[in-house]
Amino acid sequence: MERLDKYLTERGAGSRREVQRLIRSGAVSLNGTVCKKPDTKLDPQTGSVTVSGKNIDADKFIYIMMNKPAGVVSATKDNYDKTVIDILPEEFRRRNMFPAGRLDKDTEGLLIITNDGEFAHKMLSPSKKVYKQYEAELDGEVTDDTIYAFKKGIMFADGTKCMPAELNIPDKSRKNRAIVKICEGKFHQVKKMFAVCGLKVVHLKRISIGNLYLGSNLTIGCCKKLTKLDVESIFMGNIH
């Protein structure tokens, strides 16, 4: 059982004080009946709660897929640029939401925004081998030597070595476009890996995390709520 004010606060209805004020004003209904007591207990799995007639999602955690646009930073706050939280639609907002991992400011594509820290840790840990796929457009052609270097594990100038990565050319007539699969998330990793091989990334887009794919129906800057099956697919049948 859980207190009504805590339940609503954790699901983004407002701060604890704001929620308590809403409850006392009669704006909150529990199982169809107006409830004015913030300390009323409810079962999160079976209780139905509305605020001003709007249903409140029963799930404590939320997982949002965003097709991140370029020019937006993967952060909760920034003094200079818009963040992915700034452009998150109001309907998806909850307390303590954050991007699970990061995409560079100029990188587009699949980003998951959540309030579930345990999930994010599991997804981002290299030991879990959740592979991320990127589409990269380069200023030169990928060669067999480049592919071999990625497979062996790229070594940076500071002595840091990346785990083996997979590099493919989907269209042999366009060898400046490649698909990269990695299970790490080092700072600027994909760009730095190509730089070691003498190539500059001119456009980068993440297209999948595990078996969760961005898909063509989610346009740049748009979001959708992930289902339980979507979230589970991240950890099922990891790409090798």
Rank S208, S125 by accessible area, highest first, at a 1.4 Å probe radius? S125, S208
Quick check on the chain: of the DSSP beta bridges with both residues there, what percent are antiparallel, nearest 5%? 95
Give the aspartates and glutamates whose C-alpha is closer than 15 Å to that of K68, dropping any in the same chain fewer than 8 places away, or say none. D81, D86, D104, D106, E108, E135
Mean projected area in nm² (Cα convex hull; one quarter of hull surface) for the chain: 15.3
List the chymotrypsin sites (Phe, Trp or Tyr not before Pro) within segment 15-94 that fall in a DSSP loop (any state other than H, G, I, E or B) and whose Cβ has at most 10 other Cβ atoms within 10 Å. Y80
Extension gain, K128 back to R95 (0.36 nm per residue minus Cα-Cα distance, nm): 9.2 nm
DSSP-defined antiparallel bridges as percent of all bridges, segment 47-138, nearest 5: 90
With both partners inside segment 107-240, how many of the DSSP beta bridges are antiparallel, as a percent to the nearest 5? 90
Distribution of pairwise C-alpha distances over segment 1-139, 5 Å bins, in %: 2, 9, 17, 17, 15, 12, 11, 8, 5, 2, 1, 0, 0
Give the shape of segment 74-146 as rounded, prolate or oblate, defined through the alpha-carbon gyration tensor: a ≥ b ≥ c are the square roots of its eigenvalues, a/c under 1.5 means rounded, and otherwise the shape is prolate if a/b is larger than b/c and oblate if not. oblate
Taking r as the C-beta separation of N217 and K37 and R0 as 41 Å, the FRET efficiency to the nearest 0.05 is 0.40
Under a 5 Å amide H to amide H cut-off, with H placed in plane at 1.01 Å, what residues pair with C183 once short-range neighbours are removed? K132
When the Cα centres of segment 1-58 and segment 132-197 are compared, how far apart do they sit, in Å? 49
To the nearest 10 square angstrom, what accessible area does R174 show with a 1.4 Å probe? 110
How much accessible area does V84 have with a 1.4 Å probe, in Å² rounded to the nearest 10? 0
Between the DSSP loop rule and a limit of at most 15 other Cβ atoms within 10 Å, which chymotrypsin sites (Phe, Trp or Tyr not before Pro) in segment 114-199 are left? F156, F187
At 222 nm, what helix-only mean residue ellipticity would the chain give, in deg cm²/dmol to the nearest 500, using -39500 (n - 2.57) for each DSSP H run of four or more? -5000 deg cm²/dmol
Would you mind calculating the gained length between K6 and K77 on full extension (0.36 nm times residue separation, minus the Cα-Cα distance), in nm to one decimal? 23.1 nm
Derived scalar couplings ³J(HN,Hα) [segment 62-75; Karplus, 6.51 cos²θ - 1.76 cosθ + 1.60; whole Hz; x for Gly, Pro]: 9, 10, 10, 8, 10, 8, 5, x, 5, x, 10, 8, 7, 7
Nearest-20 debye value, segment 3-95 charge dipole, Cβ charges on Lys, Arg, Asp, Glu: 420
Using a 7 Å offset from the Cα along the Cα-to-Cβ direction at both K152 and K192, what is the distance between the two label points in nm, to one decimal? 1.9
Just to make sure I understand: if all protein chains stay in place, what is the order of C183, C197 by accessible area at 1.4 Å, largest first? C197, C183
Can you pull the accessible area of S233 for me, 1.4 Å probe, Å² to the nearest 10? 20
My understanding is that a pair violates if its Cα-Cα distance is over 21 Å; which of K175/K205; K132/K152; K122/K152 do that in this structure? K122/K152
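The values are calculated or read from the model by the stated rules, or taken from the named source; none is laboratory data. This is a predicted model, so every value here is computed, not measured. In this analysis, Cβ positions are derived from the backbone assuming ideal geometry, glycine residues included, and neighbour counts consider all displayed protein chains. SASA here: full protein model, heavy atoms, side chains in, ligands and nucleic acids out. Shrake-Rupley method; radii C 1.70, N 1.55, O 1.52, S 1.80 Å.
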